[in-house]
Amino acid sequence: MTENETKEHRSWTMSRVKSKDTAPEMVVRRLVHSLGYRYRLHGAALPGKPDLVFAGRRKVIFVHGCYWHGHDCKRGARIPATRQDYWLKKIGRNRERDAVNVSSLEQLGWDVLVVWECEMKDRVALTDQLKAFLGEPPQTA
């Protein structure tokens, strides 16, 4: 904790960190929907509860925050200022859990795409990546 932050304030701050409907997830959801794809949210029956589930295509998308999931970008490589031992172990466990979930999904016959928070900056590249992963969008009449 920083010197001027109480334990209660840190707890309150951390309680505001969302696991669903995050800003990066909403960017991907809006983009995928605008491209004509339809999906289910947070597949509870699947390992890791993927953020977007395309059951007919047997494809799932996880939208990961770079810091929380230990991405190798600038934001993901930041070292916490306090309680470094705890946070580095926590992020390491998140990475291990993510790898197990992806492996489990692939063994069940699902294709998996992980979209990182830092990839939101280049919407054209993100759009191309999503189209390549999902294939042709459905034809609307």
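Residue by residue, here is whether (1) more than 24 Å from Lys121 (Cα to Cα); (2) of a type in the set (A, V, I, L, M) holds:
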{"residue": "Val63", "(1), (2)": "no, yes"}
{"residue": "Arg75", "(1), (2)": "no, no"}
{"residue": "Arg78", "(1), (2)": "no, no"}
{"residue": "Tyr86", "(1), (2)": "yes, no"}
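Check Pro50, Pro137 and return the single one that is touching a residue at least 24 places away in the same chain (Cβ under 8 Å), in a loop (DSSP other than H, G, I, E, B) and surrounded by 17 or more Cβ atoms within 10 Å (Cβ to Cβ).
When all the criteria are applied, what remains is Pro50.
Evaluate region 80-87: report whether one residue or more is surrounded by 14 or more Cβ atoms within 10 Å (Cβ to Cβ) and either under 20 Å from Asp98 (Cα atoms) or in contact with a strand residue (DSSP E or B) (Cβ under 7 Å, 6 or more places away or on another chain) (or both). Explain how you work it out, then say what you get.
Applying the first criterion (surrounded by 14 or more Cβ atoms within 10 Å (Cβ to Cβ)) to region 80-87 yields 87.
When the remaining residues are screened for being either under 20 Å from Asp98 (Cα atoms) or in contact with a strand residue (DSSP E or B) (Cβ under 7 Å, 6 or more places away or on another chain) (or both), the result is 87.
Yes, that holds for at least one residue.
Can Gly76 be described as in a helix (DSSP H, G or I) and either free of Cβ contacts under 8 Å to residues at least 60 places away in the same chain or within 17 Å of Ser34 (Cα to Cα) (or both)?
Numbers: in a helix (DSSP H, G or I): no; either free of Cβ contacts under 8 Å to residues at least 60 places away in the same chain or within 17 Å of Ser34 (Cα to Cα) (or both): yes.
No, not satisfied.
Can you find even one residue in region 110-129 that is out of contact with any strand residue (DSSP E or B) (no Cβ under 7 Å at 6 or more places or on another chain), more than 29 Å from Glu5 (Cβ to Cβ) and of a type in the set (S, T, N, Q)?
Among the residues of region 110-129, at least one is out of contact with any strand residue (DSSP E or B) (no Cβ under 7 Å at 6 or more places or on another chain), more than 29 Å from Glu5 (Cβ to Cβ) and of a type in the set (S, T, N, Q), which makes the answer yes.
One residue is enough: does region 96-114 have a residue meeting the conditions assigned to a loop (DSSP other than H, G, I, E, B) and farther than 21 Å from Gln129 by Cβ?
Our first condition is that a residue be assigned to a loop (DSSP other than H, G, I, E, B); within region 96-114, this holds for 108-110.
Cutting the leftovers down to farther than 21 Å from Gln129 by Cβ gives us 108-109.
Looking through region 96-114, at least one residue is assigned to a loop (DSSP other than H, G, I, E, B) and farther than 21 Å from Gln129 by Cβ.
Give me the pairs, please: first residue somewhere in region 22-46 and among the aromatic types (Phe, Trp, Tyr), second residue anywhere and assigned to a loop (DSSP other than H, G, I, E, B), beta-carbon distance under 6 Å, and either six or more positions apart or on two chains.
Tyr37/Pro137
Bear in mind these aren't lab numbers, they're just calculated from the coordinates by the rules spelled out. No experiment lies behind these values; they were computed from the predicted model shown. Backbone-built Cβ (ideal geometry, glycine too); neighbour counts: all protein chains shown.
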